[in-house]
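Undergrad: Following this message is one structure expressed as C-alpha cells.
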Amino acid sequence: MKRVNTEKAPAAIGPYSQAVEHNGVLYVSGQIPINPENGELLNGIEEETHQVMKNLKAILENKNLGFDEVIKTTIFLKDMADFAVVNEIYGSYFTEGNYPARETVQVAKLPKDVSVEISLIAALK
C-alpha cells in the first residue's frame, strides 16, 4: 500500500490518509468543504459541494487521474432535502454518461458539522 497526500487538498483532520493506493485502486477518504489554502470551512450547500468536489479533484490529479477514472462514490448528506442541489453540482464534474456507481445517505451529523461529505474509489492508470 502507498499513502497519498497533496497540499492542494485539506490535510486529514484525524488519524487517516487523504487516500491510499493499493493493487491498482485509489481509495479516497471522505472530503468535507475545507478550503486547503486557508483551512476555512465554506458555508451553504452549493459552495460546500463545489469545494468538496475540488478537494476530490486535487487528490485525483495528484495521481494523474480525473473523474472519468472514478469507479464509485459515497455521498453523505446532513439533510436529504439538499439532494437535488448536490446531485446537480456533483454531476457537473463528470463526463455525461460516464458516471460511477454511487450511494447517497443522510446522516445525523458530519465532521465539523458540515452539510456534505463525499468519498470515492478510482482506478489507477
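The values are calculated or read from the model by the stated rules, or taken from the named source; none is laboratory data. In this text the structure is predicted, and so the values were computed from the model without any measurement. Virtual Cβ from ideal backbone geometry, glycine too; neighbours counted across all protein chains shown. Accessible surface areas use protein heavy atoms only, side chains included; no ligands, DNA or RNA. Shrake-Rupley method; radii C 1.70, N 1.55, O 1.52, S 1.80 Å.
Undergrad: For region 100-105, just list the computed ³J(HN,Hα) in residue order, Karplus coefficients 6.51, -1.76 and 1.60, θ = phi - 60°, integers in Hz, with x standing in for Gly and Pro.
TA: Going residue by residue, I get x, 5, 7, 9, 10, 10 Hz, with x marking Gly and Pro.
Undergrad: Right, next: Tell me, what is the percent relative contact order of the chain, built from C-alpha pairs under 8 Å that lie six or more residues apart?
TA: For the chain, the relative contact order is 32 percent.
Undergrad: Follow-up question, since we're still on this one. Loop only per DSSP, at most 16 neighbouring Cβ atoms within 10 Å: give me the chymotrypsin sites (Phe, Trp or Tyr not before Pro) in region 60-113, ordered by residue number.
TA: Passing both the DSSP loop test and the Cβ count: TYR93, PHE94.
Undergrad: Give me the accessible area per residue for the chain, probe 1.4 Å, as a whole number in Å².
TA: Ligands and nucleic acids excluded, the figure is 54 Å² per residue.
Undergrad: Measure off, as a whole percent, the carbon and sulfur share of the 1.4 Å-probe accessible area of the chain, all protein chains present.
TA: 48 percent
Undergrad: Would you please give the residues with an amide H less than 5 Å from that of THR104, counting only those at least 5 places away or on a separate chain, with H modeled from the backbone geometry?
TA: Here the answer is ILE75, since their amide H atoms fall under 5 Å of that of THR104.
Undergrad: Another question, if that's okay. Treating each Cα of region 46-125 as an identical point scatterer and ignoring solvent, apply the Debye formula and state log10 I(q)/I(0) at q = 0.15 Å⁻¹.
TA: Log-scaled intensity ratios, in q order: -0.50.
Undergrad: Got a sec to turn the phi values of region 73-80 into Karplus ³J(HN,Hα) couplings, 6.51 cos²θ - 1.76 cosθ + 1.60 with θ = phi - 60°, whole Hz, x for Gly and Pro?
TA: My calculation for region 73-80 gives 10, 10, 10, 10, 10, 6, 9, 4 Hz in order.
Undergrad: Under a straight-distance cross-link criterion of Cα-Cα below 25 Å, which lysines are reachable from LYS125, leaving out those fewer than 8 residues away in the same chain?
TA: LYS2, LYS8, LYS54, LYS57, LYS63, LYS72
Undergrad: With loop defined by DSSP as not H, G, I, E or B, and exposure as at most 15 other Cβ atoms within 10 Å, which is the longest segment of the chain clear of exposed GluC sites (Glu not before Pro)?
TA: Longest gap between qualifying sites, sites excluded: 41-95.
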